[in-house]
Amino acid sequence: MNDHPGTSPVVSLEGISQRYITDAEDVVHALAETDLQIPESQFVCVVGPSGCGKTTLLKIIAGFLAPTGGTARYRGTPIHGPGAERGVVFQQPNLYPWFSVRDNVALGMRMRGVGKSERAEKAQEYLELVGLGDFGDSKPYELSGGMQQRAQIARVLANETDVILMDEPFGALDAITRARLQGDLLALQRAQHRTVFFITHDVDEAVFLGDRVLVMSARPGRVVLDQPVNLSGSAGHMLGEEMRRLPEFLELRERIAGAIEH
Ligand code: ADP
Ligand code: MG
């Protein structure tokens, strides 16, 4: 499959499907056969009704879950487990309670053998990016839930992974923090050419962030709309509020919202 490694998509799903067996031994058909290719540096947003298999799809790409059908690949190589090139931001904060916020953010770098001063510098840079520059010495329990979530985001970004998988990362944040982080994430993704797979239930957020928006149907989930987003002059030059007033933006939002309902 991988004759030309340089031209492989970053993530490729071939006929992926997922059935779960519940504790009551019922079969839940979570994902219908799904094909998806994510090219280099693309920002893909996924929207769809609750329970349609979005998190399942993310777990398969992350390597936390082996699909019951099909093959998932990272740069041409089958995915058999988590990997340091794929960072995951979960819906809920998951910091180590006994480490400071800074040490949480620096943990991945420490495991990779990055030196102490570089670690501290980079941790601070990413803490500032998420607005937690003054909280490096705090313990996670001293932060609010939203701040803990931002620290989790800083930790994953600080690892500078090739792929960033995010499961409704901004869902629990207030509107102002959320808008700021959206802008910062987009700028970072553009500057560092990261490939991002981003789940959200917010259509506005999907159109604002995505180069492409996938709409999934209710269970068994499948992609019912694969919508490219090419908003003129977007790419971080335009402020969020400006972009949200563009007629093209409103039209895309309508089309995507319509596809979710059907
Ligand atoms: P989403 O993230 O879109 O809300 P999920 O991927 O979490 O959806 O779940 C898809 C479907 O699979 C849901 O109906 C959910 O209840 C079911 N499901 C998820 N994980 C399991 C599991 N471990 N065992 C049984 N059913 C599960
Ligand atoms: Mg989910």
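Some values worked out for this structure:
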{"item": "Estimated vicinal HN-Hα couplings, Hz - region 35-46 in sequence order (Karplus 6.51, -1.76, 1.60; Gly, Pro = x)", "result": "10, 7, 10, 10, x, 3, 6, 8, 9, 9, 10, 10"}
{"item": "Largest-first principal axis extents of the Cα set of the chain (Å)", "result": "48, 45, 44"}
{"item": "Under 5 Å, built H, 5+ apart or other chain: amide partners of V229", "result": "R212, V213"}
{"item": "Three-way shape call for region 79-121 based on the alpha-carbon gyration tensor, with the a/c threshold at 1.5", "result": "oblate"}
{"item": "Region 50-109 shape via C-alpha gyration tensor axes, a/c threshold 1.5", "result": "oblate"}
{"item": "Within straight-line cross-link reach of K116, lysines at Cα separation under 30 Å, skipping those fewer than 8 residues along the same chain", "result": "K139"}
{"item": "Nearest-0.05 FRET efficiency for E33 and E261, computed from C-beta distance (R0 35 Å)", "result": "0.90"}
{"item": "222 nm mean residue ellipticity, helices alone, for the chain (DSSP H n ≥ 4; -39,500 (n - 2.57); rounded to 500)", "result": "-11000 deg cm²/dmol"}
{"item": "Local net charge near T55, Cβ-Cβ under 14 Å (Lys/Arg +1, Asp/Glu -1)", "result": "+1"}
{"item": "Order of exposure, largest accessible area first, which applies to Y74, Y141 with probe 1.4 Å", "result": "Y141, Y74"}
{"item": "Surface per residue (accessible, 1.4 Å probe) for region 78-201, Å²", "result": "46 Å²"}
{"item": "Prolate/oblate/rounded label for region 95-160 (Cα gyration tensor, a/c 1.5)", "result": "prolate"}
{"item": "Taking the chain and dividing mean pair separation by its residue count, relative contact order in percent (alpha carbons under 8 Å, at least six apart)", "result": "25 percent"}
{"item": "Within-13-Å neighbourhood charge of G15 [Cβ basis; K, R +1; D, E -1]", "result": "-1"}
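The values are calculated or read from the model by the stated rules, or taken from the named source; none is laboratory data. What you see is a predicted model, and the numbers here were worked out from it, not measured in a lab. Glycine gets a Cβ as well: all are built from the backbone with ideal geometry, and neighbour counts include every protein chain shown. We work out accessible area using only protein heavy atoms, side chains counted, and drop any ligands, DNA or RNA first. Shrake-Rupley method; radii C 1.70, N 1.55, O 1.52, S 1.80 Å.
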